[in-house]
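Before any comments, here is the structure.
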């Protein structure tokens with residue numbers, strides 16, 4: 001019976017001969033009617049960087065699922081020609097990425113939506129900060145593209161990331177690194193407004209080991225996927241505020257105003273220590289990326305000297321106090337180095353003088 | 001390596017300078033009350049402006065202030081015995097000579113400074129120990145008189161100090 005319903009090319013002696021067009025037109029009218037009904041809902045269709053957003057009506061299917069994995073995908077029914085792979089759909093306060101070719105049945109088109117569960121943040125080659133919502137799933141059961149598993153496989157922490165196939169995503173280099181860690185949001189809550197840089201927090205960092213720019217390229221649309229492998233956190237990986245917006249980045253962002261790096265200085269009223277006199281205080285002063293004085297953690301002082309045993313050294317807060325009573329080291333010098341987590345070390349040469 | 005005989009002269013000056021610097025009364029007399037609030041480097045620099053390890057040349061100073069000039073002489077140099085003499089000029093501008101008073105001390109500013117230096121170099125056991133060259137004897141105190149400045153010349157001796 002169903003076969004006779006869908007028999008489009010029916011003999012002219014039986015029907016009028018325009019059923020094919022009629023079905024298509026009536027079908028599209030029908031879907032338009034459905035979209036106006038309570039079956040459909042308002043969603044936003046967004047481009048790759050969310051700069052263009054358009055509210056549309058769509059029927060979202062598969063909202064009620066029986067398995068955990070299926071809850072991470074949806075089907076979206078919209079009029080023909082509405083969307084393409086690689087677009088975002090903002091639905092129920094979440095971003096969803098359209099994956100797979102979007103095609104139609106002459107009545108409507110259906111897109112497969114994959115949940116975006118993390119916003120990737122990185123700095124591109126020209127120093128711009130790029131953000132993309134991404135579908136991040138565990139890929140620990142897959143090979144990372146670097147090592148063959150001829151003998152056995154030791155599983156490690158790998159992620160498979162799907163993002164739009166815009167230029168920034170495709171141009172990501174192997175070894176590009178990302179912070180992907182839910183704890184970042186918790187850390188952010190503990191920052192006060194004055195914090196512009198914080199690289200002290202333990203975060204999980206991944207690097208790109210395999211990038212697939214072709215596998216999901218459909219000519220006029222598509223999305224990109226790449227494999228990430230957990231790697232070590234570098235000292236400058238962390239939280240940076242750029243133009244009032246906080247980002248978790250694996251590189252120090254280039255800002256228009258200097259200085260751009262975390263720096264520290266050794267302040268003292270003299271670079272000379274007088275034998276038998278009071279200690280000279282060397283104070284560690286730390287600056288954030290904006291050049292504002294800030295506090296640092298894990299402050300370390302190092303003294304490079306051939307006569308360390310002749311020096312009396314005390315540590316008080318950010319300071320080191322050095323004195324000596326040994327006349328034999330008069331007119332000799334030593335080097336004092338200040339460092340802290342995330343800061344460029346700085347050194348100063350200090351001379352021992354007699355007080356004359 | 002044999003220690004150079006002449007090295008003792010510089011070391012001796014350093015001990016004298018350091019001992020005088022550590023006396024808060026001398027600092028106050030020379031630099032005023034503000035010496036107590038100066039940062040260490042300011043204090044050291046100001047002190048060095050007023051305490052010099054060489055002898056005084058009249059008319060080279062015009063500032064209304066108090067100075068200490070000293071020098072060291074080796075009067076005898078033998079293999080095992082050295083005799084040392086210290087000349088110390090305590091010089092004060094006449095305009096401020098009589099405007100300083102301190103409990104426990106007598107006389108004008110130069111007289112008070114003379115007593116303080118004696119306290120420091122002879123009576124302070126800690127200072128005597130830091131010299132490491134034996135006790136100093138104050139042999140004489142003579143007046144110094146010039147057009148703008150008045151002072152006292154103290155001569156110390158350290159016989160057979162090494």
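What follows draws every value from the coordinates through simple rules; no lab data is involved. Just so we're clear, the structure is a prediction, and the values are computed from it rather than from any experiment. Neighbour counts are summed over all protein chains in view; Cβ atoms, including those assigned to glycine, are modelled from backbone coordinates with ideal geometry.
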task = Just check segment A:118-249 against the gyration tensor rule for me: Cα atoms, a ≥ b ≥ c as the square roots of the eigenvalues, rounded for a/c under 1.5, and otherwise prolate or oblate depending on whether a/b exceeds b/c.
result = oblate
note = So, with points 7 Å from each Cα along the Cβ direction, the residue A:191-residue A:292 label distance in nm works out to 1.2 nm
remark   = Computed over chain B: longest principal axis from alpha-carbon atoms vs helix B:7-21 long axis, angle to nearest 10 degrees, is 30 degrees
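Going by the alpha-carbon gyration tensor, a ≥ b ≥ c the square roots of its eigenvalues, is chain B rounded (a/c under 1.5) or, if a/c is not under 1.5, prolate (a/b greater than b/c) versus oblate? Let's see the in-between values first.
Working: a/c = 1.80, a/b = 1.59, b/c = 1.13.
Prolate, because a/c is 1.5 or more and a/b exceeds b/c.
What does the structure give for A:269-281 when I average, per residue, the other chain Cβ atoms found within 10 Å of the residue Cβ? Can you show the working numbers first?
Values: counts 7, 5, 0, 2, 0, 6, 2, 8, 7, 5, 1, 3, 2.
For peptide A:269-281, the averaged partner shielding equals 4.
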ask   = Rounded, prolate or oblate: which fits the protein assembly as shown, taking a ≥ b ≥ c as square roots of the Cα gyration tensor eigenvalues, rounded meaning a/c under 1.5, else prolate when a/b beats b/c?
value = prolate
inquiry  = For a Förster distance of 60 Å, can you work out the FRET efficiency between the beta-carbons of residue A:243 and residue A:327, rounded to the nearest 0.05?
reply    = 0.60
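For residue A:261 and residue A:70, FRET efficiency with R0 = 56 Å and r from the beta-carbon atoms, rounded to 0.05?
Working: r = 47 Å, r/R0 = 0.85.
Once the sixth-power term is evaluated, E becomes 0.75.
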request  = Considering Cα pairs under 8 angstrom that are at least six residues apart, work out the relative contact order of chain B and quote it in whole percent.
outcome  = 22 percent
task = Within 10 Å of each Cβ in peptide B:81-87, how many partner chain Cβ atoms are there on average? Round it to a whole number, please.
result = 0
inquiry  = I'd like the orientation of helix A:19-36 relative to chain A: the angle between its Cα long axis and the longest Cα principal axis, in ° from 0 to 90, rounded to 10.
reply    = 50 degrees
ask   = Taking the simple approach of a point 7 Å from Cα along Cα-to-Cβ for both residue A:29 and residue A:213, what is their distance in nm?
value = 4.8 nm
message = In whole Å, what are the extents of segment A:263-353 along the principal axes defined by its C-alpha atoms, from largest to smallest?
response = 44, 21, 18
task = Treat each spin label as a single point 7 Å out from the Cα along the C-beta direction, and report the residue B:42 to residue A:37 distance in nm.
result = 8.7 nm
key: For residues of B:46-52, the mean tally of beta carbons on other chains within 10 Å   = 1
